[in-house]
Amino acid sequence: MSLASFNKLLVSLSLFACSSVFAAPLVVNVAGVTSQGEIGDPGNTVLNFNVGANSVITSVAYSLNLTAFSPSWLSEIGLAFTASDGIDGVVFNPGFGDDGPGTATYAGSATLADFGLEFAVGADGILRLEFYEDFDDFAGVDGIWNFGTLTFGVEPVDVEVPGEVPEPATGLLLGAGLGMMGYANRRRQAARKAASAA
């Protein structure tokens with residue numbers, strides 16, 4: 001194997017190994033989810049996702065179509081995305097300013113750190129989504145999330161445990177580095193032998 005081929009192999013292995021360190025974003029389909037009452041109402045839809053222990057929620061992007069049933073308003077339909085304790089997190093009303101019933105589409109994104117809203121889920125790794133209504137009209141379901149997606153940026157937190165076996169990506173990088181050192185050492189020895197023979 002030539003040095004150029006070996007270097008290409010190492011770069012490929014390094015890119016593969018490094019890419020496995022970062023989590024993919026969490027995409028949630030909200031089609032048919034309902035909002036009924038204020039945060040904590042037992043009728044609200046709650047979804048839980050395991051994003052990894054102590055992971056940080058860094059951003060949210062959304063493309064949604066919502067309906068608020070009279071007398072509810074679009075501005076009252078909300079989402080609380082939090083750690084499993086329901087305390088650390090963000091509340092979000094996509095229809096903010098649309099004070100009336102009806103159907104509308106909303107899209108946008110936000111980097112949470114820009115607003116000081118970046119937060120970590122707990123050791124259980126659970127990101128909790130509660131779909132709520134700012135004002136409970138006591139008429140059953142106040143709003144529905146007709147279709148669309150929410151995309152959460154998730155940054156994993158590496159917590160090393162003493163004696164823990166390294167993940168495969170770490171092993172690949174370590175093996176590639178040791179292989180490169182061995183290959184370079186053999187080339188130096190071969191060059192020395194060729195120089196002393198001449």
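Read-outs: derived from the displayed coordinates by stated rules, not from any lab. Since this is a predicted model, take the numbers as computed values, not measurements. So basically every Cβ, Gly included, is an ideal-geometry build from the backbone, and we count neighbours across all protein chains shown.
Let a ≥ b ≥ c be the square roots of the eigenvalues of the Cα gyration tensor of segment 16-134; is it rounded (a/c under 1.5), or, if not, prolate (a/b larger than b/c) or oblate? Judged from the Cα gyration tensor, segment 16-134 comes out prolate (a/c at least 1.5, a/b above b/c).
The protection proxy used here, the mean number of other Cβ atoms lying within 10 Å of each residue, ranks peptides 126-132, 28-34 as follows, highest first: 126-132, 28-34. Taken about its Cα centre, segment 89-135 carries a charge dipole of about 140 debye when Lys and Arg each add +1 at the Cβ and Asp and Glu each add -1 at the Cβ.
Tell me, in nm to one decimal, what length is gained between ALA104 and ASP85 on full extension, where the rule is 0.36 nm per residue of separation less the Cα-Cα distance? Don't skip to the answer; put the middle values down first.
On the way: separation 19, 0.36 × 19 = 6.84 nm, distance 3.13 nm.
Separation in residues times 0.36 nm, less the Cα-Cα distance, equals 3.7 nm.
Note on ASN54 and ASP41: the model spin-label points, each 7 Å out from Cα along the C-beta direction, lie 3.7 nm apart.
When each of the peptides 101-114, 77-90 is scored by how many other beta carbons lie within 10 Å of its residues on average, the order from highest to lowest is 77-90, 101-114.
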